[in-house]
Each structure stands twice: as C-alpha cells, then as structure tokens.
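Have a look at the structure below before the remarks.
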Amino acid sequence: MLLSDLVKSLSEYKTKNYKDVDITGISYNSQLTKENDIFICIKGEALDGHEYAQSAVEKGAKALFCEDELDIDVPQIIVKDTKRTMANIAAAFYKEPSKELNLIGVTGTNGKTTVTHLIQRILEENSEKCALIGTLGYKLSSSDEYKEAKHTTPQPPELQKDLRLMCDKGIKNVVMEVSSHSLEQRRVGCCDFNGAVFTNLTQDHLDYHITMRNYFKAKAILFENLERGAFAVINADDEYSKDFLSVVPEGVKVLTYGIKNAADVEAENIEFSINGAAFDVKFKDEKVSMQLHLNGMFSVYNALAAFTAALAMDIDYKTIIKALENTKSVAGRFEIVNKKPLVIVDYAHTPDGLENVLKAARELTPKTSNLICLFGCGGDRDTTKRPKMGKIADELADKVVVTSDNPRSEDPQLIISDIMTGIRTVDTGRIFVEPDRRTAIKFLKTISKPEDVILIAGKGHENYQILKTKTIHFDDREEAREVFCTVEPLN
C-alpha cells in the first residue's frame, strides 16, 4: 500500500521528507520491524518509541509515524498522539475489515469471556461462522485452537490484521471482548460495531481509571459510537444501567435483561445443583425452560446477556436455547477440576467477582461441609480492592488460604498484608497464609475433607505466574489435579 493511502485516514498531520513509498507492514517494536514497514513511534510509561526509530529504519522501515520531527532521512507523518491515531493507520492498511463483518463488542468488569463464547456458540448453532477475540486469544470457531493474545483487546495493528484474516476466511461474524483500556486508548478506533453488550460494572482497574466514573466513561465509549441500525444489550440489574442507556444514540435497537428488575428478557425460578443452573426465561410473550451446564447466578446473567444479544440479531429462541444448553464450560470460569472434594478454579480477581463465585460455590456446599477459598491479589494493580477481597473471603468462606497471584514487581508479603487488613477473623484454624501459590494449593489437601468445596480464585485459565524477575509456567488447574488426583472422570 502507498503511504499516501495511509495518510488519507488522518484528519490532522504534518509531514517531513515526504515521498510516496510503498508500505507492506506496520510495526511499533523496532526489534520486530521488517523491510518496508511503517514504524509507529509510541511514547509509553517506560519507553519512548522515538528513541528506537533509527534502529527501525536500519531494519528496513521506509517511513515513520511519529509525534516529534526526527533527524532521520525517511518520510515522516507527524501527529499529536500516535497511540490514539494508530487505529486509523491500521484500519486503512488492512482495508477497514470491520465494515465487512457483523462485529459484536462485549464490555463490563466480569463475564466478558463467557458471554463472547456463548454468543459464538449461538451463531454457530444458527449455521453461521463466528470468530472470537478476547482474554484467551482469538479463535476462528468454537472448535478451533486459541491463538495467544497479549491483551484482552489487541493493539490496532494486530486487531485489524486479525479482522482482515477473518474476512479472508469467509467469516462474517466476530464477537470481541472490549476492555476499558482499549476503549480509552482507542485500540478499537475505526471498528464499526453492529452490536454492544454490557455485563456489569464493579471495582477494577482503578489504578488506571482512578474513579468509577472514569471507568464508566471508558466503557460507555462502545455504546456512544454505535450507529443507527446497531443494537445495544444492557444489564437492567446493574446500578450503571441507566447511565449506559442514556448514552445510546437514537436509532439503535435497545434490549435489556435482568433477574431483579423489569427487563425485555428475564430469568425466574432459578435453581442450582452440581449439574448447573436451571431456570425459566421470559421474553416477549414466551416463557421457556433452560438447563445450563454452567453454574452460579453470574452464569445465569451471562446466559441472559448472550440470549438477549441473539434475539437482537433475530435468531430463533429454540436455536439459542439449544446452543446455551449444549455449552459445557469456558476455560477457567467456574471450572470443576475435581469432584471429591469438589475443586473449582475461577478467574475471579475483583471484589464483585470473588463474591459471586463464593456465593455460587456455597450453593454446592453441603451444610455439614466447609467452603474453602484460596486467592491472592495481583501486584502493580489497584491496591484498594485487596482488603475488600479479604473481607469478602472471610465472610463467605469457612476457611481461607491467602497466597500470591501475579505479584509482578511487588513484594508478595506486602500484597498479602494489604489483603489481611480486611480480614477480621483471628481464628488460626480458619485463616491461613502461604505466599508460595504451589505450596498453598498443596496445603489445601491437609485442611479439606472429601465432601468439602474448594474455590481456587484469581488466575483461572492463566498458565503462567508473573514474578518480579521472571514469568514462570503455572496453571491452577494442573496444580489442583496433581494434588487431588481425580479418580472419578469428569464429564
């Protein structure tokens, strides 16, 4: 593609050394730059891409996309903020693939991964191809293997490249997790969404957004940018539902779902067992029964979100129910890895998420048995949620093991100390501390009985642990299976 074709996507810019060169790729990491790339100079918290521009040129970059004029003899496109306008360049280079797709964005604090998987299953049950992009990576179908991703929502060059790949594969539907960071940083800029789904908004990422209002405003961008003919699906039970409803533009189809408040799609008569959640769904003039393999009240909400999105796309409710009932589980989301004791691994890493999964686990705990919770909190992240999560675990579990999550650059013991300030129990037979997560999971066997329920929370699907000096392989599911050695096969 000619540089002049990329420049057309920008509204304000200056040039230096301009000439129309042929661009065959985009890079923002000089170590990965290839011949004929345009190199994007990004100013980050720790590094400034402008300092690596010369190295990128030496590796073959034919043009620079930058904020500062550089003393380098190649064409330079100069803008105010390369990070926020990178999406324009990426979308133009890959020929705006989202315009060829039915692109559905799912945003919220919790539930994004499960909801995207459920929508994908529904579309496939409706004989339509659907790809997925999210926390676990991207996959071209529900039976495909994940391609690993660095972020819940990829950076624009990777995202637009993936969307173009999906178009070229003949896929017409894509469902994508859309994080608050990606909306704030305009990673999904130049993406035309045909639909948006809101799950819930609870405390998370306040190290970045500072206030809940800022966090809401970031999430709301997805809905504000919907165009006439698109659809918006909103959780009527969430305290921010009215705020989200207020930003949806005219001409956008709006559907709500809920359990406590009146909504377009409602669930009632909810029951839980080890086999999953059973409930009735009310919508329009219909009332139908559903039996999920998924468990917990949060799974009911996730199913309602996917159900409502599918209705917004005019998919027959019988197809929707069949797809939802046939979905077994999502990796690391209330995933049962052992039956005696019942060991559940979940990604819950926020106060609300931990509370929800503990309540769900309590529903499966016999009255004479214990609910045991193992969790930690991530380092270099919102510190204010640590004591809150400690308080929730103390109040909702019978025994608590506090350990490390991904400590990153922080001292694990200091993170644990923050958690412990929220724990009021002084009974050493109830509260245990073990900074080493592997040792902590092994310790669970010494404090549990076969009829107990154990929740290992925080990392879910992750197969790594980020330490101060390195990242190691670590999978809660593998560790738990090794400790508890399931004899009875899991179905």
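The values are calculated or read from the model by the stated rules, or taken from the named source; none is laboratory data. Small disclaimer: the values here were computed from a predicted structure and weren't measured. Using ideal geometry, Cβ is built from the backbone for each residue, glycine included, and neighbour counts are taken over all protein chains shown.
Taking the criterion of being within 14 Å of E478 (Cα to Cα) and either crowded, with 17+ Cβ neighbours inside 10 Å or assigned by TED's automatic domain parsing to the domain that holds T114 (or both), the residues of region 441-456 that qualify are I441, I456. For region 306-317, the criterion of a residue being more than 20 Å from I104 (Cα to Cα) and either surrounded by 23 or more Cβ atoms within 10 Å (Cβ to Cβ) or without any contact (Cβ under 8 Å) to a residue 12 or more places away in the chain (or both) is satisfied by no position.
Listed by first and then second residue, the pairs linking a residue in region 236-254 that is without any contact (Cβ under 8 Å) to a residue 40 or more places away in the chain to a residue that is among the hydroxyl-bearing types (S, T, Y) and surrounded by 15 or more Cβ atoms within 10 Å (Cβ to Cβ), with Cβ atoms under 6 Å apart and 6 or more places separating them unless they lie on different chains, are A236/T256. You will find that of D285, D264, D280, the residue that is surrounded by fewer than 21 Cβ atoms within 10 Å (Cβ to Cβ), of a type in the set (D, E) and modelled with pLDDT under 95 is D285 and no other.
Taking (1) part of a loop (DSSP other than H, G, I, E, B); (2) surrounded by fewer than 24 Cβ atoms within 10 Å (Cβ to Cβ); (3) among the aliphatic types (A, V, I, L, M) in turn, L414 satisfies each apart from (1). Could you say which residue among E363, E434 is out of contact with any helix residue (DSSP H, G or I) (no Cβ under 6 Å at 6 or more places or on another chain) and of a type in the set (D, E)? So the residue among E363, E434 that is out of contact with any helix residue (DSSP H, G or I) (no Cβ under 6 Å at 6 or more places or on another chain) and of a type in the set (D, E) is E363. Only a single criterion out of (1) surrounded by fewer than 23 Cβ atoms within 10 Å (Cβ to Cβ); (2) in a loop (DSSP other than H, G, I, E, B); (3) touching a residue at least 40 places away in the same chain (Cβ under 8 Å) is not satisfied by N110, namely (1).
Against the test of being of a type in the set (D, E) and under 28 Å from the mean Cα position of the chain (by Cα), the options D5, D48, D20 yield a single qualifying residue, D48.
Has region 258-279 got any residue that is among the hydroxyl-bearing types (S, T, Y), assigned to a strand (DSSP E or B) and free of Cβ contacts under 8 Å to residues at least 60 places away in the same chain?
The answer is no, given that none of the residues of region 258-279 is among the hydroxyl-bearing types (S, T, Y), assigned to a strand (DSSP E or B) and free of Cβ contacts under 8 Å to residues at least 60 places away in the same chain.
Remark: pairs (first residue in region 461-475, touching a residue at least 24 places away in the same chain (Cβ under 8 Å); second residue exposed (fewer than 11 other Cβ atoms within 10 Å of the Cβ) and outside any strand (DSSP E or B); Cβ separation under 9 Å; 6+ apart in sequence or on different chains) = K468/S409. Taking the criterion of being over 21 Å from V357 (Cα atoms) and free of Cβ contacts under 8 Å to residues at least 40 places away in the same chain, the residues of region 434-460 that qualify are E434, P435, D436, T439, T446. I'm trying to understand the selection: among the residues of region 45-69, which are in contact (Cβ under 8 Å) with a residue 24 or more places away in the chain and in a loop (DSSP other than H, G, I, E, B)? Once the filter is applied, which keeps residues that are in contact (Cβ under 8 Å) with a residue 24 or more places away in the chain and in a loop (DSSP other than H, G, I, E, B), region 45-69 yields K59, G60, A61, K62, E67, D68, E69.
When region 290-327 is limited to residues that are assigned to a helix (DSSP H, G or I) and β-branched (V, I, T), the one that is nearest to K253 (Cα to Cα) turns out to be T308. Reported count of residues in region 113-139, each being surrounded by fewer than 20 Cβ atoms within 10 Å (Cβ to Cβ) and small (G, A, S), is 2.
Within the set G390, G460, the sole residue that is closer than 24 Å to T135 by Cα and surrounded by 19 or more Cβ atoms within 10 Å (Cβ to Cβ) turns out to be G460.
With respect to V74, is the statement that it is surrounded by fewer than 24 Cβ atoms within 10 Å (Cβ to Cβ) and part of a loop (DSSP other than H, G, I, E, B) true? Spelling it out, V74 is indeed surrounded by fewer than 24 Cβ atoms within 10 Å (Cβ to Cβ) and part of a loop (DSSP other than H, G, I, E, B).
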